[in-house]
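Notes to accompany the following structure.
What follows is calculated from the coordinates using simple rules that are stated; it is not laboratory data. Note that the structure is predicted; figures quoted are calculated from it, not measured. Don't worry about glycine lacking a Cβ; one is built from the backbone with ideal geometry, like all the others, and counts go over all protein chains shown.
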Amino acid sequence: MTVRPRRSVLYMPGSNARALDKAKTLAADGLILDLEDAVSPEAKADARRLVGEALTDRAAYGPRELIVRVNGLDTPWGYADLAAAAGMNCDAVLLPKVDSADMVRRAERILDAEGGRGDLPIWCMMETARGMLRAEEIADASPRLEGFVMGTSDLAKELVCQHTALRLPMITSLGLCLLAARAAGLAILDGVYLDLADEEGFRASCTQGAELGFDGKTLIHPRQLDGANAAFAPDEEAVARARKIIDAHKQAAAAGQGVVVVDGKLIENLHVVMAERTVALADAIAARQSG
């Protein structure tokens, strides 16, 4: 089983050359090189150029997943962003404010028309009310779709709700996107936590996201990396138990036994699959840290 760690995915402003260079040294599993919200209108063209130049030295970013967030196609910069991203050495393109499957397919056609590689993955920002209602059709829009990113700040604005620590006003939206993503076999990242001074609230938000089933969390500052990396990684006890389940299942299978009990609990095949994923994730994280 192959699992890619996505515990921490940090937004980096595409217009800041120093930040793009600093990102090469950060303990982030992934980076979103942003051409949209983090870039002022007058800096859009420069940001597009700087991100393209940064990605010419892809190896300098090591194993970090590199995702370019473009502007929407309803803006003056969206088409040019997609055209440029088609030729960039990135791991995926992230579309903002996706609220229909057609938006995904339209972006896909532009990437193809501009000479992008045919397997360049597409990710979707899920941050509109209509996007929540259409999460399933968006998740099934294209074989190239690889993941969802929750845009909880914009979503709170659209819902006219409070962006509270527990995010109860957004639980339905988070759940709909999680269901759609998992049904389609997609990755899904939780939204950002905006209060950098509230470390306790940030930890609680990460814990909640991990419990809900997100693969990791999007971040706005490097100081949030350690907390996200810890929250979305299996701890030693979980890994040890997972290995125990896998070993017990193998021994039972070799002995022709249909029932497996570990520490007094009945183990079924679904528990073995979950255990294998836990071990694969732990091994991938360990390999990344030692590499």
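Laid out as a table, the results:
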read-out	value
Residue order, fewest to most beta carbons within 10 Å, for L31, L266	L266, L31
Within the stretch 135-291, percent of DSSP bridges classed antiparallel, to nearest 5	40 percent
Answer label, with P(r) over Cα pairs in 10 Å bins from 0, in percent calculated from the coordinates and candidates [x] 6, 25, 30, 18, 10, 6, 3, 1, 0; [y] 6, 27, 34, 22, 8, 3, 0; [z] 7, 31, 39, 20, 3, 0	[y]
Spacing of the two label points (7 Å from each Cα toward its C-beta) at K157 and R117, in nm	3.4 nm
Anchor K244: aspartates and glutamates whose Cα lies under 19 Å away (excluding residues fewer than 8 positions away in-chain)	D235, E236, D263, E268, E276, D283
Derived scalar couplings ³J(HN,Hα) [the stretch 204-215; Karplus, 6.51 cos²θ - 1.76 cosθ + 1.60; whole Hz; x for Gly, Pro]	5, 5, 5, 4, 4, x, 5, 5, 5, x, 5, 6
Nearest-ten-degree value, helix 171-184 long axis tilted from longest Cα axis of the chain	80 degrees
Residues L194 and K24, FRET efficiency given R0 of 30 Å [Cβ-Cβ distance, rounded to 0.05]	0.75
The chain - share of DSSP beta bridges that are antiparallel (%, nearest 5)	10 percent
Packing-based exposure ordering (other Cβ within 10 Å, fewest first) of M1, M150, M132, M126	M1, M132, M150, M126
Principal-axis tilt of helix 44-54 within the chain, Cα atoms, nearest 10 degrees	50 degrees
Separation in nanometres of the label points that stand 7 Å from Cα toward Cβ, at D57 and L179	4.7 nm
Amide H contacts under 5 Å for C124, placed H, 5+ residues apart	L95, G147, F148, V149
J(HN,Hα) series, the stretch 138-154, from Karplus relation 6.51 cos²θ - 1.76 cosθ + 1.60, nearest Hz, glycine and proline x	5, 4, 9, 5, 7, x, 7, 5, 10, x, 10, 10, 6, x, 6, 5, 5
Between helix 101-113 and the chain: long-axis angle, C-alpha atoms, 0 to 90°, nearest 10	70 degrees
Per-residue [θ]222 nm for the chain (sum of -39500 (n - 2.57) over DSSP H runs n ≥ 4, rounded to 500)	-13500 deg cm²/dmol
The chain: most fluctuating residue of S173, S205, S153 per GNM, C-alpha cutoff 10 Å	S153
